[in-house]
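Right, one structure below, let's go through it.
The values are calculated or read from the model by the stated rules, or taken from the named source; none is laboratory data. None of these values were measured; they are calculated from a predicted model. Glycine also receives a Cβ, built like all others from the backbone with ideal geometry; neighbour counts cover every protein chain displayed. These accessible areas exclude ligands, DNA and RNA; they are computed on the full protein's heavy atoms, side chains included. Shrake-Rupley method; radii C 1.70, N 1.55, O 1.52, S 1.80 Å.
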Amino acid sequence: MTYQEQALALSTSYGLGQQGISIKPIGNGHINTTLLLQSPSSSLVVQKLNTSVFPDIPNLVNNARLIEKHLTEKKQNAEYELSVIKHVATAEHNYYLTLNGENWRALEFIGGSYSQDVVENKQQARIAASAFGQFAKALDDFDAKQLVDVIPNFHNLAMRFNMFDDVIERNPCQRVVECAAEIEFCQSVRPLVNEVAKLEPKLPLRACHNDTKINNMLFCNKQDTAKAVIDLDTCMPGYWMYDFGDMVRTFCSPEEEDSTALDKVTVREEIFEAIVQGYVEPLKEVLTEAEKESFWLGAKVMCFMIGLRFLTDHLDGDNYFTIHHKNHNLERARNQFALYRELIRKETRLKQILFAA
Ligand code: ADP
Ligand code: GN1
Ligand code: MG
């Protein structure tokens, strides 16, 4: 099927007709294929879902629709200000469809918005962190157990180390020797697993976003405000420390996640402070003391663990994350390890900022 044939098939399924249809890729996601499908009168975000990563499409879509319903009710009661991601049904009333063996779903396009891959300044960081905080707060009375674990153990560091150990043993692409330095670094960080094991039992299980990277929220084109929290695919029961940590991972560095300019990868302190302030404010009535303390560990785990996952995927032959060139996952891993090292180097100062809030 050509691109245009695909566009016409999708536009028929979603009742957009056959005239003046266009389709183009949007965003920089690593897992799904996200496209903007347009007719002269409407715009839809259509996503081809990666079924190796998300084998349970019905529950993936159902999880996101449960959140949509909850947030929509909150918005109607003036308890949630941001726009809500709305799923669009096909002409046959299905929220996902199969075309040529591929799985698709559609979302209303939220116009007047943009996403960023790198945070430019502390105002942006505060706005984005506040949006994720408002999202978390709005889900405070949502029963997290309604959400199916569509990727079990998603933020389980011990399990991520098991996958890493397994790929080293299998060495399917003979890349272990050339990655000796990165592998050794990961081995040195292994005791982080014990810190997690000690802390997690003290934390309440929450309905989490689990992928709070900066390009999973939309800013408003016109004013300096947040428009919406998006990409609800990994909303599952979890711990807020990891949502906090993924913001630190993706907001604090002035470099993109795959930048090879490792000397420029650092943790911008003023951005870290803006994340703390932006995220804690909407949650102040519900955040427990143990949760607030856990945020430092969440930051360490997320910076390191995503690097570990990139390295594991590189060693495995790049089966999970979309890559755009050879060694792309290795470059991403090196970048995240540099960030982790910076986080540790700045530990004293960053903890002061965290505990002053
Ligand atoms: P992925 O799984 O590929 O990360 P996302 O849901 O994060 O998919 O979407 C990728 C990008 O597409 C986002 O970063 C954003 O720029 C854009 N986008 C996604 N959904 C919408 C929407 N409903 N309205 C406007 N833009 C969107
Ligand atoms: C993936 O789909 P995307 O690009 O928002 C990944 C996240 C990683 C992120 C790294 C389902 O997110 O866990 O943190 O890449 N999503 C999944 O950028 O594995
Ligand atoms: Mg995304």
Based on a Kirkwood Rh over C-alpha pairs, give the Stokes-Einstein translational diffusion coefficient of the chain at 25 °C and viscosity 0.890 mPa s in µm²/s. 116 µm²/s
Taking 0.36 nm per residue of separation between LYS326 and ALA290 and subtracting their Cα-Cα distance, the length gained on full extension comes to 8.7 nm
Quick one: give the max-minus-min coordinate of the C-alpha atoms of the range 224-302 along each principal axis, largest first, in Å. 40, 27, 26
Neighbourhood charge, 13 Å Cβ-Cβ cut-off, centred on SER83 and excluding it, Lys, Arg +1 and Asp, Glu -1: +1
Formal net charge of residues neighbouring GLU269 (Cβ-Cβ distance under 13 Å; K, R +1; D, E -1): +2
Determine the calculated [θ] at 222 nm for the chain from helices alone, applying -39500 (n - 2.57) to every DSSP H run no shorter than 4 residues and normalising by the residue count; nearest 500 deg cm²/dmol. -15000 deg cm²/dmol
Here the averaged projected area of the range 128-186, based on the convex hull of its alpha-carbon atoms and given in nm², is 6.7 nm²
Using only the Cα atoms, work out Rg/Rh for the range 1-52, with Rh taken as the Kirkwood radius, to two decimals. 0.97
The size of the Cβ-based charge dipole (Lys, Arg +1; Asp, Glu -1) of the chain about the Cα centre, to the nearest 20 debye, is 340 debye
For the pairs LYS222/LYS284; LYS24/LYS227; LYS222/LYS351; LYS86/LYS222; LYS222/LYS346; LYS24/LYS213, flag any whose C-alpha to C-alpha distance is greater than 27 Å. LYS222/LYS284; LYS222/LYS351; LYS222/LYS346
Kindly give the semi-axes, whole Å and largest first, of the ellipsoid equivalent to the range 145-242, taking each as the square root of 5 times a Cα gyration tensor eigenvalue. 31, 20, 14
Can you list, bin by bin at 10 Å, the percent of alpha carbon pairs in the range 3-144, starting at 0? 10, 35, 36, 17, 2
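If you take the C-alpha gyration tensor of the range 89-223, multiply each eigenvalue by 5 and take the square root, what semi-axes do you get, largest first, in whole Å?
33, 23, 20
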At 1.4 Å probe size, with the rest of the protein present, what percent of the exposed accessible area of the range 152-221 is carbon and sulfur atoms? 53 percent
Once both labels are modelled 7 Å past Cα along the beta-carbon direction, what's the THR12-ASP117 spacing in nm? 3.5 nm
Tell me which of ALA357, ASN62, TYR3 sits at the most positive position along the dipole axis of the chain, charges placed on C-beta atoms (Lys, Arg +1; Asp, Glu -1). ALA357
So for the chain, taking the charge dipole from beta-carbon charges (+1 Lys/Arg, -1 Asp/Glu), which of ALA158, ILE323, LEU283 sits furthest toward the positive end? LEU283
Please report, for the Cα atoms of the range 201-357, the Rg to one decimal and the Dmax as a whole number; what are they, in angstrom? 15.8, 47
Per residue, in Å², the accessible surface of the range 157-288 once ligands and nucleic acids are set aside, probe 1.4 Å: 43 Å²
